[in-house]
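Shown next, in structure tokens, is the structure this report addresses.
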Amino acid sequence: MNQEWMSQQAYVERVLQLYRQAPETPSRFSRLDRRLAEEFYERQIKIEEVEAAILLATVRRSLRSPEAPKLSAIRSLHYFVPVIEEVRSNPLSESYLEYLRRKLAAIGVTV
């Protein structure tokens, strides 16, 4: 989805949809989540970067060692900000994103 052809409203709705679809996130978003999505738009963060960050964070959470302490549920879109910054500074290749999707599919998780 090419962001330059997308209105701010469509962009924000897509970011919030990606967030709500991720495992362990609330089914509803807060006004602070909406404001953060608006800030992403203002900062020209690509939808693809947000999607890649949510995918990467989901893989990291899902494939943690069973001996590791259980993580609490994700309560805010803010949880993904550090991962978005990581993806922006080190973009992930499409082949790596497909690899991550396959890893999640193998354990029955979809993003």
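The values are calculated or read from the model by the stated rules, or taken from the named source; none is laboratory data. Just so it is clear, the model here is predicted, and its values are computed rather than measured. Please note: Cβ atoms are built from the backbone with ideal geometry, for glycine as well, and neighbour counts cover all protein chains shown. For accessibility, only protein heavy atoms count, side chains too; no ligands or nucleic acids. Shrake-Rupley method; radii C 1.70, N 1.55, O 1.52, S 1.80 Å.
Quick notes on this one:
- In region 67-97, residue modelled with the lowest pLDDT [restricted to those that are among the hydroxyl-bearing types (Ser, Thr, Tyr) and open to solvent by 40 Å² or more (accessible area, probe 1.4 Å)]: Ser72
- Yes/no for Arg14 being open to solvent by 70 Å² or more (accessible area, probe 1.4 Å), assigned to a helix (DSSP H, G or I) and closer than 18 Å to Val81 by Cβ: no
- Which numbered condition Glu42 misses (of (1) out of contact with any helix residue (DSSP H, G or I) (no Cβ under 6 Å at 6 or more places or on another chain); (2) among the acidic types (Asp, Glu); (3) surrounded by 12 or more Cβ atoms within 10 Å (Cβ to Cβ)): (3)
One line per residue, one yes/no per condition, for (1) of a type in the set (Phe, Trp, Tyr); (2) part of a loop (DSSP other than H, G, I, E, B); (3) touching a residue at least 12 places away in the same chain (Cβ under 8 Å); (4) within 15 Å of Ile84 (Cα to Cα):
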| residue | (1), (2), (3), (4) |
| --- | --- |
| Arg20 | no, no, no, no |
| Glu24 | no, yes, yes, no |
| Leu36 | no, no, yes, yes |
| Phe40 | yes, no, yes, yes |
| Glu51 | no, no, yes, yes |
| Ala57 | no, no, yes, yes |
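- Considering Ala57, Ala22, the condition of being surrounded by 15 or more Cβ atoms within 10 Å (Cβ to Cβ) and at pLDDT 95 or above is satisfied by Ala57 alone.
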